[in-house]
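Chemist: Below are the structure tokens for one structure; questions will follow.
The values are calculated or read from the model by the stated rules, or taken from the named source; none is laboratory data. Just so you know, these numbers come straight off a predicted model, no measurement behind them. In this analysis, Cβ positions are derived from the backbone assuming ideal geometry, glycine residues included, and neighbour counts consider all displayed protein chains.
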Amino acid sequence: MGNSAVRDSEDAQRRLLDVARVFDRMPVGFCVVDIDLRYVYVNDALAAYNDVPKEAYIGRTASEVLPHSAARIEQQMRQVMATTTSVIGDMVQYDSKLRPGTIIYAKTTYSTVCDQNGRVIGATALVTDITEQEFAESSGQEIARRADQVLNALPVSVSYLDQEKRVLFANNTYKNTIGYTDEQITGQKLQDIIGDMAFFGAEPHVDLALQGEASEFENAITLKSGEKRGFISSYVPDFDDAGDVKGVIAAIVDVTDQLRTQTALEESEERLNLSLDAGAIGTWTWNLLDGSHFWDGRMLAISGMPPSALSGVMEDDFVKSLHPDDIAMVEEAIRQSLEDDVEYNITCRILRRDNGSVRDINAQATVVRDDTGQAIRMTGVAIDVTKQKQSAAEL
């Protein structure tokens, strides 16, 4: 396959997955197949409908995964890819795998997926449970109604923008988050809804989606209430049957709490590092499986070793720095800690690598074990206690 064909195939795969991403957590069955009718995406709901793990679909056809239904499914898929016209399949009745003894009625809508040039690259199937509405007048209206219910139940802000960047739809989470009603949102320009500053950050990503490419970014918005919150916004282009972008689907996740947690962790780590710096306390980790280790900058300073001289092997860096008379004592302390769970807390001497001077070091560590009890690493701290020992000796 030539490079151009490979790129086309990869672009098609990305496009198919971009379409699918919106349905990851929706309680309606959804799948995407490529031009050869091989599954490239199946969501959790569809896997549950058919009682077949998602992994069993990928790269395989319906004939291989669902032999009893394959003829109907593949015939509909081929039809929509040949005509580029969506098809609403017949109502299907089957026994629920999740609720034994319960009859489920479902409708499947088959549609094509086209690239930005209008070339058919695959098809989708949207399976909607219509058990409670078996005798609904219009299955198309019913699917739309249930889709609205699903979107309004999502804890994610979902909206739809047209080519003029007007908001044509916003779910309940979106409206509740920004504090506006349907009348204040529907048909209004996005800029007028979220404000100039937020729109300035979002506009390049909306434009990218209007050009046919999905985009994602993080930003902060000051809400109507005056509260400033952080969001991750995803924009996915919506193509018509001719392959032209007719609008943008936006999914916005409020990550304010996560950002606050991350900030708190970073501040905590900063305070810890300040404390370690003030006490000249070095931290280290020793991988017992391969003998490698990590020393932070304070450990290097204590040992008098420049970063360029660090081999990353415990035998070369630590053991060779020990005073010859203390090697046996340290090795025995390590053995007792690994084999007998004795606390590792030892004071020993090292020879600094830069000038050969003798320093007294106190090292303490915790042994980390796997589920079988095998020791897999030691993590600890070290501090230069030379001055303290000298002061004690002078008393």
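Chemist: For segment 310-356, which positions are polar (S, T, N, Q) and without any contact (Cβ under 8 Å) to a residue 12 or more places away in the chain? Full working, then the answer.
Modeler: Step one: of segment 310-356, the residues polar (S, T, N, Q) are 311, 321, 336-337, 345, 347, 355.
Once the filter is applied, which keeps residues that are polar (S, T, N, Q) and without any contact (Cβ under 8 Å) to a residue 12 or more places away in the chain, segment 310-356 yields SER311, GLN336.
Chemist: If a residue has to be in a loop (DSSP other than H, G, I, E, B) and under 14 Å from ALA251 (Cα atoms) to count, how many in segment 162-189 make the cut?
Modeler: The number of residues fulfilling the criteria is 1.
Chemist: Let me ask something else. So GLN336 fits all but one of (1) crowded, with 18+ Cβ neighbours inside 10 Å; (2) under 42 Å from the mean Cα position of the chain (by Cα); what number is the exception?
Modeler: The one condition GLN336 does not meet is (1).
Chemist: I need the full set of residues from segment 198-238 which are touching a residue at least 12 places away in the same chain (Cβ under 8 Å) and among the basic types (Lys, Arg), in order please.
Modeler: LYS224, ARG229 - these are the residues of segment 198-238 that are touching a residue at least 12 places away in the same chain (Cβ under 8 Å) and among the basic types (Lys, Arg).
Chemist: How do the strands (runs of 3 or more DSSP E) wholly within segment 279-374 filter down when requiring 2 or more residues that are touching a Ser or Thr at 6+ places or on another chain (Cβ under 6 Å) and within 26 Å of SER391 (Cα to Cα): which remain?
Modeler: Numbers: elements: 281-287, 293-295, 344-351, 358-369.
Those strands (runs of 3 or more DSSP E) span 344-351, 358-369.
Chemist: Continuing with this model, one more query. Tally up the residues in segment 209-248 that are surrounded by 18 or more Cβ atoms within 10 Å (Cβ to Cβ), of a type in the set (A, V, I, L, M, F, W, C) and part of a loop (DSSP other than H, G, I, E, B), please.
Modeler: Summing the residues that are surrounded by 18 or more Cβ atoms within 10 Å (Cβ to Cβ), of a type in the set (A, V, I, L, M, F, W, C) and part of a loop (DSSP other than H, G, I, E, B) in segment 209-248 gives 1.
Chemist: Just name the residue that is modelled with the highest pLDDT out of those in segment 139-174 that are under 25 Å from the mean Cα position of the chain (by Cα) and exposed (fewer than 14 other Cβ atoms within 10 Å of the Cβ).
Modeler: PRO155
Chemist: Name the one entry in ILE185, ILE178, ILE221, ILE252 that is modelled with pLDDT of 85 or more, among the hydrophobic types (A, V, I, L, M, F, W, C) and under 21 Å from PRO155 (Cα atoms).
Modeler: Details: ILE178 fails: modelled with pLDDT of 85 or more; ILE221 fails: modelled with pLDDT of 85 or more; ILE252 fails: modelled with pLDDT of 85 or more.
Among ILE185, ILE178, ILE221, ILE252, only ILE185 is modelled with pLDDT of 85 or more, among the hydrophobic types (A, V, I, L, M, F, W, C) and under 21 Å from PRO155 (Cα atoms).
Chemist: Right, here's the next one. For segment 371-387, enumerate the residues that are under 14 Å from CYS348 (Cβ atoms) and without any contact (Cβ under 8 Å) to a residue 60 or more places away in the chain.
Modeler: Within segment 371-387, VAL385, THR386 meet the criteria.
This table checks each residue for (1) among the basic types (Lys, Arg); (2) touching a Pro at 6+ places or on another chain (Cβ under 9 Å).
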{"residue": "LEU289", "(1), (2)": "no, no"}
{"residue": "GLY297", "(1), (2)": "no, yes"}
{"residue": "ALA301", "(1), (2)": "no, no"}
{"residue": "ASP316", "(1), (2)": "no, no"}
{"residue": "PRO324", "(1), (2)": "no, no"}
{"residue": "GLU332", "(1), (2)": "no, no"}
{"residue": "ARG349", "(1), (2)": "yes, no"}
{"residue": "ALA363", "(1), (2)": "no, no"}
